[in-house]
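Please read the structure below before turning to the comments.
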Amino acid sequence: MKIISLSEISTKVFSVSSGRVWKRRPGYKGLVMENRRVNGFYLLEEGECVYSWEGGSVHLRPGSLLYLPLGSNHKMEVIRGDICYTAINFVLKDQEGDILLFSEKPLLISRHIGNYFMDHIHRMTEQYLENADNFKNIAAISLFLSEFCAQKNMANRKVAPAISYINSNLLEPINGSTLASLCGLSKAQMYRLFKEETGMTPTEYRNKNRIEKACQMLATREYYVYEVATELGFENIGYFNRVFKEYMGLAPKDYLT
């Protein structure tokens, strides 16, 4: 198996040797997965849940697209409503016949993939249910991968400076004019493309990264909650608690209990 970045798909010759797309309403409130047997995407359609794994976690809302690689270990907990999701499982290979993965661990692809690709996935689901022709299903998944990766690359190139700046300056408040200048875009263009690329506004993206860092700090059990909030530049403990619960579905003090 080989690990490649999602962006490399648009520049490599690849093949999808098998594929399956279906929607489910599982009814359970959580699961634990060890050595996942399939490779693919998880699109949350309804409800909210948290996926967690060694070294990371992510809060999924409707429209979130998560990559779940073959062989990965993770757990999921439903935190709001009854979930409904669409699974897009596939085997991706390069010209040498090696299986390709985008990551060894779960990877958030997009906070919200947008209506165009939501519709594309829904059409694939209908085709899979109505048509037993595996060739057509494989072709549909291949087209989805090519189009989705191409669009992500286009948006990513333009807002990459803003994303990089936020990642390197998590303690600094968001300044839209500064980010737009770094990208060579107007503020309106930068905000639109940033949302297309990440599914979030720059402030939401900064907060997501700070909360992910907070989870890592809390997991060490070496910090009090107020110390984590201060270290990550939150104005006060109340605001930190609100943002943490928004992303993780529970208060910081309950995160490890």
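So the values come out like this:
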| quantity | calculated |
| --- | --- |
| Of the criteria (1) under 24 Å from G114 (Cβ atoms); (2) surrounded by 15 or more Cβ atoms within 10 Å (Cβ to Cβ); (3) of a type in the set (S, T, Y), which one Y255 fails | (1) |
| Matching entry among T220, T230 (being at pLDDT below 90 and β-branched (V, I, T)) | T220 |
| Only one of K195, K213, K245, K208 that is in contact with a Ser or Thr (Cβ under 8 Å, 6 or more places away or on another chain) and either closer than 25 Å to H112 by Cβ or charged (D, E, K, R) (or both) | K195 |
| Conditions (1) under 29 Å from E196 (Cβ atoms); (2) outside any strand (DSSP E or B); (3) modelled with pLDDT of 90 or more; number of the one not met by V38 | (3) |
| Residue check, I4 over 14 Å from Y85 (Cβ atoms) and in contact with a helix residue (DSSP H, G or I) (Cβ under 8 Å, 6 or more places away or on another chain) | no |
| Single residue of region 24-35 satisfying the filter (assigned to a strand (DSSP E or B) and touching a Ser or Thr at 6+ places or on another chain (Cβ under 9 Å)) that is nearest to D82 (Cα to Cα) | R24 |
| Any hit, region 207-217, residues being surrounded by 14 or more Cβ atoms within 10 Å (Cβ to Cβ) and free of Cβ contacts under 8 Å to residues at least 12 places away in the same chain | no |
| Residues that are at pLDDT 85 or above and either part of a loop (DSSP other than H, G, I, E, B) or of a type in the set (D, E, K, R) (or both), drawn from region 233-257 | G233, F234, E235, N236, R242, K245, A251, K253 |
| Hits in region 59-80 (condition: without any contact (Cβ under 8 Å) to a residue 60 or more places away in the chain and β-branched (V, I, T)) | V78 |
| Positions within region 167-192 being over 30 Å from R123 (Cα atoms), of a type outside the set (S, T, N, Q) and either surrounded by fewer than 19 Cβ atoms within 10 Å (Cβ to Cβ) or at pLDDT below 85 (or both), in sequence order | L170, L171, E172, P173, I174, G176, L182, G184, K187, A188 |
| Pairs, first in a helix (DSSP H, G or I) in region 179-202, second among the β-branched types (V, I, T) and surrounded by fewer than 16 Cβ atoms within 10 Å (Cβ to Cβ), C-beta under 9 Å, six or more apart | Y191/T201; F194/T201; K195/T201 |
| Any hit, region 94-111, residues being under 16 Å from R20 (Cβ atoms) and not hydrophobic (A, V, I, L, M, F, W, C) | no |
| Pair list, Cβ < 6 Å and 6+ apart or interchain, from region 99-115 residues that are in the same structural domain as E147 (by TED's automatic domain parsing) and of a type in the set (G, A, S) to residues that are assigned to a loop (DSSP other than H, G, I, E, B) and buried (at least 19 other Cβ atoms within 10 Å of the Cβ) | S103/P69; S110/G199 |
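The values are calculated or read from the model by the stated rules, or taken from the named source; none is laboratory data. On a predicted model such as this, the values are computed, not experimentally measured, just so you know. No Cβ is skipped: glycine too gets one built from the backbone with ideal geometry, and neighbour counts run over all protein chains shown.
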